[in-house]
Amino acid sequence: MVERQQLSAMDAEVLAGSAVPADSEEAVLQWLAGEYGLGYTPLDKIEPDRGLLARFPARILLKEELLPLRETDGVIEVAVSRLFATPGLDSLRAITNLKLSPILAPSEALQREIKKHLGVGADTLNLLEQEDFFQVVADDHHDDGDLDKAAEDASIIRFVNQVLGDAISLRASDIHVEPFEHELRIRYRIDGLLQEVPVPAQIKRFQPAIVSRIKILSNLNIAEKRVPQDGRIKIRVKSSDVDIRVSVIPMLHGEAVVLRLLRQDSGMIGLAGIGMAPREREIFDRVLEMPHGIALVTGPTGSGKTTTLYSALHQINDEVRKIITIEDPVEYQLKGINQIQVNEKAGLTFSRGLRAILRHDPDVVLIGEIRDQETAQIAVQASLTGHMVFSTLHTNDAPGALTRLVDMGVEPYLVASSLEAVIAQRLVRVLCEECKVEDTSARTTALRERVAALRGAKIFRTTGCKNCRMTGYTGRRAIFELMTMSGPIRTILLRGGSSIEIKDAAKSEGMKTLIEDGWRLVCDGVTTPSEVLRVSKDEGTDGFAVNA
């Protein structure tokens with residue numbers, strides 16, 4: 001049965017006395033529309049007129065869940081989810097003196113469209129505009145006292161909380177607050193791509209107070225607007241802890257803020273859950289059981305390197321091994337593993353912390369990132385003295401990690417004798433199971449003919465639905481390129497060979513490149529060719545658009 005709290009009291013009473021099988025809200029609304037001669041819309045193909053929306057108070061639209069859709073012959077259709085809850089419509093009629101006609105729509109779709117078209121926090125900013133609690137000042141440092149007071153205003157606090165809550169509910173990894181001359185833009189990074197968030201136009205007026213509120217939460221100096229600042233916020237949402245890393249940088253039209261959201265209780269998926277192909281998984285399992293050496297995971301920021309390493313540590317974490325990590329930041333807390341947080345201000349750097357770790361008799365060491373020659377040298381020495389070392393590095397592919405370490409100042413013979421394996425990885429978006437359809441386009445057919453791995457495969461494409469917010473994708477999966485050190489590869493490295501020679505040798509020994517592993521997910525119906533090409537190098541696929 002549809003939950004009665006979603007209906008007005010009179011709606012529920014009418015429904016209770018009817019013969020309609022109310023197994024969903026949509027069924028109830030469609031029945032009511034038929035009984036009372038009204039229209040019904042799922043709101044999936046209707047785009048409200050922005051000019052029309054501007055004629056109505058956002059506060060009432062949000063409070064009463066009303067969405068004006070279009071005007072026909074002087075009558076404005078207004079989407080509602082509660083037929084007999086009339087005070088909202090009556091208020092709009094009284095304020096605007098317009099003729100309004102209700103059209104029924106599901107409450108979930110209605111709330112989604114209201115947020116989409118009116119913007120996050122529209123009710124809060126509308127209240128600020130009406131009551132004019134304070135005058136926000138932007139650049140004059142003499143007004144910092146007023147700005148501090150403005151940042152502590154309940155409405156600004158509520159707006160910032162709404163943005164944080166909205167980003168967390170949408171699985172965003174980052175929030176970008178970007179000031180421009182006539183607007184303040186807010187974007188969320190969801191599944192690796194930035195998506196603009198609709199916000200009220202008047203938000204620009206409150207930009208300094210919003211930034212100051214974020215600074216207060218992260219214990220930063222609100223009076224300092226000339227230099228970059230970094231801070232941290234820890235919040236709890238529905239008993240889930242979220243660690244937020246805050247970066248504030250002065251821009252031409254004000255301070256820009258980026259907030260990285262780290263969910264502390266995301267759960268450890270384990271190596272079985274990260275999606276390695278059977279061959280790569282078997283090789284990596286063997287690497288994890290080695291008594292000493294270095295294993296690197298490479299890739300750009302946000303490619304899932306830390307998740308892979310944490311999954312590896314989770315697998316080998318037992319009572320006979322001592323595992324110590326040094327990270328910046330500690331993204332997940334691992335039970336039974338000693339974790340150290342880098343603190344540059346206090347002098348606790350990767351290199352200094354690593355030296356201290358080696359005096360704690362560890363069996364396995366995780367270094368969050370090899371950033372400089374000193375850290376690289378200590379990692380090599382640690383591996384040569386009987387420790388298994390895991391770390392990350394920024395390179396485009398697995399073979400490039402060897403030459404990168406040499407470029408950092410590590411002797412080739414030390415790299416050859418200490419490094420055991422390198423994994424390069426990227427994240428591709430996963431097709432939405434609710435709306436994906438087979439791709440029979442000429443372009444995809446031609447790609448299938450050119451790429452041997454795709455011949456005979458059933459390839460899918462995106463369409464978009466409410467389940468995936470019309471993106472066609474929901475969630476991400478990793479693709480991998482795993483290279484192990486062998487005699488021929490060590491020989492190439494010692495004689496100063498290039499990463500291209502190393503890659504050719506690794507491929508001849510069975511290494512699958514990133515794009516080849518990506519084709520595996522395309523054949524499995526997990527992702528699209530355009531996603532694989534977006535995150536990996538184009539190899540023999542000329543003419544296939546990456547944004548297809």
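Greater than 28 Å separation of Cα atoms is the criterion. Which listed pairs, 305/503; 115/305; 63/215; 45/234; 335/512; 322/512, meet it?
Values: 305/503 21 Å; 115/305 34 Å; 63/215 30 Å; 45/234 39 Å; 335/512 34 Å; 322/512 33 Å.
Over 28 Å Cα-Cα: 115/305; 63/215; 45/234; 335/512; 322/512.
For the chain, give the percent of accessible area contributed by carbon and sulfur heavy atoms, probe 1.4 Å, rounded to a whole number. Walk me through the numbers before you get to the answer.
On the way: 12530 of 25600 Å².
Carbon and sulfur atoms account for 49 percent of the accessible area of the chain.
What do you reckon, how do 31, 519 stack up by accessible area (1.4 Å probe), largest on top? Spell out each step's value before the answer.
Values: 31 65, 519 10 Å².
The ordering from most to least exposed comes out as 31, 519.
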**Prompt:** What is the list of residues in segment 271-314 whose amide nitrogen lies under 17 Å from a point 7 angstrom out from the Cα of residue 396, following Cα to Cβ?
**Reply:** 298-301
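Using 1/(1 + (r/R0)^6) with R0 = 25 angstrom and r between the beta carbons of residue 285 and residue 434, what's the FRET efficiency to the nearest 0.05? List each step's numbers first, then the result.
Working: r = 35 Å, r/R0 = 1.39.
Efficiency at R0 = 25 Å is approximately 0.10.
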**Prompt:** So what are the ³J(HN,Hα) numbers for segment 319-329, from phi and the Karplus equation (6.51, -1.76, 1.60; θ = phi - 60°), rounded to whole Hz, Gly and Pro as x?
**Reply:** 6, 9, 10, 9, 10, 10, 10, 10, 9, 8, x
**Asked** Helix 154-169: angle to the longest alpha-carbon principal axis of the chain, degrees 0 to 90, nearest 10?
**Response** 60 degrees
**Message:** Given 25 °C and 0.890 mPa s, compute D for segment 273-328 with the Stokes-Einstein relation, Rh being the Kirkwood radius over Cα pairs; round to the nearest whole µm²/s.
**Reply:** 193 µm²/s
**Asked** For a label point 7 angstrom out from the Cα of residue 507 toward its Cβ, which stretches of segment 444-473 have the backbone nitrogen within less than 18 Å?
**Response** 450-455
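If you take every residue apart from residue 368 with its C-beta less than 14 Å away from the C-beta of residue 368, what net charge results, scoring Lys and Arg +1 and Asp and Glu -1?
Numbers: positive: 245, 305, 352, 371; negative: 327, 328, 331, 344, 369, 372.
Net charge around residue 368: -2.
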**Request:** Might you work out the accessible area of residue 328 for me, using a 1.4 Å probe with all protein chains in place, and round it to the nearest 10 Å²?
**Result:** 60 Å²
**Message:** Take residue 224 and residue 247, extend 7 Å from each Cα along the Cα→Cβ direction, and tell me the distance between the two endpoints in nm.
**Reply:** 1.7 nm
**Request:** Could you calculate the FRET efficiency of residue 385 with residue 24 from 1/(1 + (r/R0)^6), where r is the beta carbon distance between them and R0 is 51 Å, rounded to 0.05?
**Result:** 0.20
**Message:** Please list 3J(HN,Hα) in residue order for segment 226-234, calculated via the Karplus relation 6.51 cos²θ - 1.76 cosθ + 1.60 where θ = phi - 60°; whole Hz, with x for glycine and proline.
**Reply:** 9, 10, x, 9, 10, x, 8, 10, 10
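Given the peptides 276-282, 212-218, 510-516, arrange them by the average over their residues of other C-beta atoms within 10 Å, most packed first.
Working: 276-282: 14.4, 212-218: 22.3, 510-516: 20.0.
Packing proxy ranking, top to bottom: 212-218, 510-516, 276-282.
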**Accessible area of residue 99 in the full protein assembly, 1.4 Å probe (Å², nearest 10)** = 140 Å²
**Asked** Near the amide H of residue 366, under 5 Å away, which other amide H atoms are found, from residues 5 or more places off or on another chain, if H is placed in the peptide plane?
**Response** 324, 325, 326, 390
**Item:** Computed magnitude of the charge dipole of segment 35-120 (debye, nearest 20; Cβ of K, R +1, Cβ of D, E -1)
**Value:** 320 debye
**Request:** Mind pulling the angle between the C-alpha long axis of helix 207-217 and the longest principal axis of the chain? Nearest 10 degrees, somewhere in 0 to 90.
**Result:** 50 degrees
**Request:** Using amide H atoms built 1.01 Å from N in the peptide plane, name the residues 5+ places from residue 426, or on other chains, whose amide H lies under 5 Å from its own.
**Result:** 479
**Message:** Taking the 0 to 90 degree range and rounding to the nearest ten, how far is the long axis of helix 87-96 tilted relative to the main principal axis of the chain, both from C-alpha atoms?
**Reply:** 80 degrees
**Message:** What number do you get for segment 310-399 when its Cα radius of gyration is normalised by 2.2 N^0.38 Å, N = residues?
**Reply:** 1.04
**Asked** Once phi is turned into ³J(HN,Hα) by the Karplus curve 6.51 cos²θ - 1.76 cosθ + 1.60 with θ = phi - 60°, what whole-Hz value does each residue of segment 251-260 show in order, with x for glycine and proline?
**Response** 10, 4, 10, x, 8, 9, 10, 10, 10, 9
**Prompt:** Which three semi-axes in whole Å describe the equivalent ellipsoid of the chain, each the square root of 5 times a Cα gyration tensor eigenvalue, listed largest first?
**Reply:** 50, 31, 21
**Asked** If 158, 189, 448 are ordered by their accessible area, calculated over protein heavy atoms with a 1.4 Å probe, which sequence runs from highest to lowest?
**Response** 158, 189, 448
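If you roll a 1.4 Å probe over the heavy atoms of the protein chains, what accessible area per residue do you get for the chain, in Å²? Walk me through the intermediate numbers first.
Values: 25600 Å² over 548 residues.
It amounts to 47 Å² per residue over the chain.
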**Prompt:** How far apart, in nm, are two points set 7 Å out from the Cα along the Cα-to-Cβ line at residue 413 and at residue 196?
**Reply:** 5.9 nm
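Between residue 237 and residue 98, what FRET efficiency comes out of the Förster formula 1/(1 + (r/R0)^6) with R0 = 45 Å and r the beta carbon distance, rounded to 0.05?
Details: r = 39 Å, r/R0 = 0.88.
Efficiency, rounded to the nearest 0.05: 0.70.
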**Request:** Please list, in chain and number order, the residues 5+ apart from residue 84 or on another chain whose amide H is under 5 Å from its amide H, with Hs placed from the backbone.
**Result:** 8, 11
**Message:** Could you check the spin-label model distance between residue 182 and residue 59? Points 7 Å from the Cα along Cα→Cβ, value in nm.
**Reply:** 2.7 nm
**Prompt:** Which value, in Å² rounded to 10, gives the accessible area of residue 116 with a 1.4 Å probe and all protein chains present?
**Reply:** 90 Å²
**Positive-end residue of 332, 233, 514, charge dipole of the chain with Cβ unit charges** = 514
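The values are calculated or read from the model by the stated rules, or taken from the named source; none is laboratory data. As the structure is a computational prediction, the values presented were derived from the model and not from experiment. Every residue, glycine among them, receives a Cβ derived from its backbone with ideal geometry; neighbour counts consider all protein chains shown. SASA here: full protein model, heavy atoms, side chains in, ligands and nucleic acids out. Shrake-Rupley method; radii C 1.70, N 1.55, O 1.52, S 1.80 Å.
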